[in-house]
Structures are given as structure tokens and as C-alpha cells.
Amino acid sequence: MNAMEDFRAEVGSSGPVCVKGGGTRWSLGGEANTNVRVVHAPGGIDSHDPAEMTVAVWAGTTLTILAEVLAEKRQEVVLDGPPGSTVGGSLSVGWNSIRRQRIGTARDSLLQAECVGADGRIFKAGGPTVKNASGYELCRLLVGSLGTLALTGRVILRTRPLPECSLWLRGTMSPVEVERSCYRPSSILWDGSNSHVCLEGYGADVESEAEGLAEHGMTEVAGPPDLPPDRDRWSGDLPQGAVLDVATGVVHRHGSTVAPEVDPAVKVIAHRLKANFDPQGRLNPGRDPYQMSA
């Protein structure tokens with residue numbers, strides 16, 4: 001059997017089961033039930049087509065390994081996560097990079113997913129090319145679903161060129177002042193006292209913008225600030241020690257956060273989807289994507 005068939009056999013067609021990647025965000029959306037079998041997706045790079053800007057990769061592959069392979073051809077994917085995070089885990093969580101303004105969202109990066117459904121059968125969602133038009137966007141449903149709709153084994157991701165130049169600066173300029181001084185910075189982070197800004201693109205352009213920010217006291221630093229592990233939504237108040245992603249309104253903070261209220265009509269639709277994908281509720285029982293805070 002090939003790797004996908006092996007994964008299908010491990011998942012089986014009965015009994016509660018969940019898939020675990022690197023475990024870096026294992027508690028998001030609630031703890032998996034104690035009587036659940038834990039399975040692991042295959043790992044490794046299947047194929048990389050730099051000209052088509054796509055990569056086929058097994059869901060158990062770490063983001064670090066994938067980044068190293070793609071960097072050889074000066075490419076990257078938009079997925080992001082703590083050290084040890086896997087491709088499948090990052091897609092399952094669906095959190096976007098702090099560089100979202102330049103590289104886009106995790107949901108847009110997924111072209112095709114090969115999964116095992118609750119019935120134990122293999123199915124594919126999406127198509128293998130960037131220009132694919134596949135009708136219903138099943139791939140988009142899988143991103144951020146915490147594995148409650150299907151267990152992903154292999155995916156095809158859209159790649160992007162690595163920027164020619166990338167640097168971070170830090171200073172007391174307000175986020176508004178930074179935005180007025182730059183053309184589409186990749187990221188602006190605010191800790192209540194200082195802004196961190198990421199500039200990316202052609203070397204000459206980045207150097208010119210950096211010189212302009214330096215006139216306002218911004219200095220080059222090694223990278224972004226250490227971001228707290230938990231996420232919340234901007235409410236107009238920045239807690240002590242928190243960092244705001246200005247473009248998205250995501251607050252990186254320490255401590256538990258409260259999931260936002262979800263419109264009852266949205267919940268009805270979500271429950272119908274879950275019932276259609278997983279009538280017996282065997283996939284990642286105990287997990288609820290709507291319990292994630294951001």
C-alpha cells in the first residue's frame with residue numbers, strides 16, 4: 001500500500017479518532033476526548049514544481065522541513081506556526097502569518113487536499129493547479145476546521161517567491177505614522193509603546209523605505225518581538241504584555257481568551273456541515289472550531 005492507503009487503514013471506518021501533528025497547539029478548540037485513538041499523518045515532500053509554483057506535501061511534514069526544501073528554489077508557503085508545527089496541523093488550525101498583508105492567508109494557499117473521511121474512504125477536494133476552478137470550495141472548509149470534517153493526509157499548496165530583501169525595524173512611531181510612511185508593509189505590530197514593522201520586496205525599495213523610517217527613529221532589529229502564545233480579538237484595549245497585529249486586529253497575549261460569540265444562524269449551518277461530513281461524530285470529538293479565539 002502507498003502512504004495514503006496506509007493512513008486510511010490507520011484511521012479506519014469506525015470508532016472515535018483524531019489526528020495529531022506536532023502538538024504545538026493541541027488544546028485549541030477544546031481537548032480531544034480521552035477514549036479517542038490518535039493517528040499521525042504521513043510526512044515528507046511528495047513533489048515540488050517551482051515553475052508552476054506548487055508543492056505536494058504529506059500533512060505530517062514539519063513547516064521547518066518544508067521551508068528548507070522550498071528555500072532552495074527561493075520559494076515559500078504562507079503557513080506559519082511554532083517550532084515543530086506540521087503542515088496538516090497548521091491548516092487544521094488555520095491561523096494566518098503576521099506577514100499576511102504580503103503573502104496572503106492560509107486558506108488561499110490550499111489548492112488540493114487528499115483526505116480520509118468519517119466513512120474511512122479517501123476523497124480529494126480542490127485541484128492540483130493554481131488556475132484550478134473546482135466549483136464548491138471544499139478546501140476552504142477544511143482550513144480551520146480542527147480536523148472535525150476530515151483527516152488530511154496529503155495536500156498541494158500554492159508557493160510564493162521569497163522576497164529579495166526582508167528586514168524588521170522597531171521604534172516609537174505609532175502604527176498610523178508607520179502606515180503613512182510605507183507602501184504596503186508586510187507587518188506592523190504594536191506593543192503599546194513601540195511599533196515593529198516588516199519591510200519586504202526588492203532591495204532598493206526596502207532600503208529606501210527603511211531610510212525614511214530611520215529618520216523617525218526606527219532602528220533595524222533581528223526580527224519581530226516574541227509573540228505570546230494565545231490569541232484574542234482587538235477590542236480597543238491592549239492588555240499588559242500583549243502585541244497587536246495592526247492589519248488583522250489579532251491580539252497576541254498571555255492567558256486564556258474568550259471565544260467570540262457566533263451568530264446562531266452560522267452555528268446551524270456549521271452543525272449541518274458537520275452532520276453531513278461526520279454523522280457519527282467520530283472525527284476529533286471534543287473539538288469545536290468555534291471555541292478558538294482568533
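The range 32-101 and the range 251-294 have Cα centres lying 22 Å from one another.
Residues whose amide H falls under 5 Å from that of Asp46, counting only those 5 or more places apart or on a different chain, are Ala56, Val57, Trp58, with hydrogens built in the peptide plane. Between Trp234 and Glu164, the contour length at 0.36 nm per residue exceeds the Cα-Cα span by 22.0 nm. A Förster radius of 45 Å combined with the Cβ-Cβ distance from Thr34 to Ala204 puts the calculated FRET efficiency at roughly 0.20. Taken one residue at a time, the phi angles of the range 267-283 give Karplus couplings (6.51, -1.76, 1.60, θ = phi - 60°) of 4, 4, 4, 4, 5, 5, 4, 4, 5, 6, 6, 9, x, 8, x, 8, 8 Hz. Gly and Pro are set to x. Values (1) 20.3; (2) 19.1; (3) 22.0 are given for comparison; Kirkwood radius over Cα pairs in Å, derived from the coordinates here, is the one labelled (1). Between the listed residues Leu227, Ala210, Ser166, the Cα displaced farthest toward the positive end of the dipole of the range 165-253, a dipole computed from Cβ unit charges relative to the Cα centre, is found at Leu227. Calculated mean residue ellipticity, 222 nm, the chain: -6500 deg cm²/dmol, from DSSP H runs (n ≥ 4) at -39500 (n - 2.57) each, averaged per residue and rounded to 500. When peptides 76-84, 209-217 are ranked by their average number of other Cβ atoms within 10 Å per residue, the highest-first order is 76-84, 209-217.
Taking the Cα centre of the chain as origin, work out the dipole magnitude from +1 charges on Lys and Arg Cβ and -1 charges on Asp and Glu Cβ, in debye rounded to 20.
With only Lys, Arg, Asp and Glu charged at Cβ, the dipole is about 1160 debye.
Whole-Hz Karplus values for the range 31-45 come out as 6, 5, 4, 6, 9, 9, 6, 9, 10, 10, 6, x, x, x, 8 Hz, taken residue by residue from phi with 6.51 cos²θ - 1.76 cosθ + 1.60 and θ = phi - 60°; glycine and proline positions read x.
Backbone amide hydrogens, once placed in the peptide plane, bring Glu76 within less than 5 Å of Arg160, Leu162, excluding anything fewer than 5 places away on its chain. Taking amide hydrogens as placed 1.01 Å from N in the peptide plane, the amide H of Ala247 sits under 5 Å from those of Ile188, each at least 5 positions away in sequence or on another chain. Here the 3J(HN,Hα) profile of the range 203-220, calculated from phi with Karplus coefficients 6.51, -1.76 and 1.60 at θ = phi - 60°, is x, 5, 5, 5, 4, 5, 5, 5, 5, x, 5, 4, 5, 9, x, 6, 10, 6 Hz, Gly and Pro shown as x.
The Ile122 and Ser174 beta-carbon pair, evaluated with R₀ = 51 Å, returns a calculated FRET efficiency of approximately 0.50.
Most tightly packed first, judged by the mean number of other beta-carbon atoms within 10 Å of their residues, the peptides 144-151, 200-207 read 144-151, 200-207. Among the GluC sites (Glu not before Pro) found in the range 1-63, those both in a DSSP coil and sparsely packed, with 15 or fewer other Cβ atoms within 10 Å of their Cβ, are Glu31, Glu52.
Got a sec? Charge dipole of the range 147-294, +1 on Cβ for Lys and Arg, -1 for Asp and Glu; which of Ser186, Pro260, Leu273 is way out at the positive end? Value: Leu273. Of the residues Met53, Val77, Gly12, the one whose Cα sits farthest toward the positive end of the charge dipole of the range 1-108, with +1 on the Cβ of Lys and Arg and -1 on the Cβ of Asp and Glu, is Val77.
Each reported figure results from applying straightforward, stated rules to the coordinates on display, with no laboratory input. From a predicted model like this one, the values you see are computed outputs, not experimental measurements. Ideal geometry is used to build each Cβ from the backbone, glycine not excepted, and the neighbour counts take in all protein chains shown.
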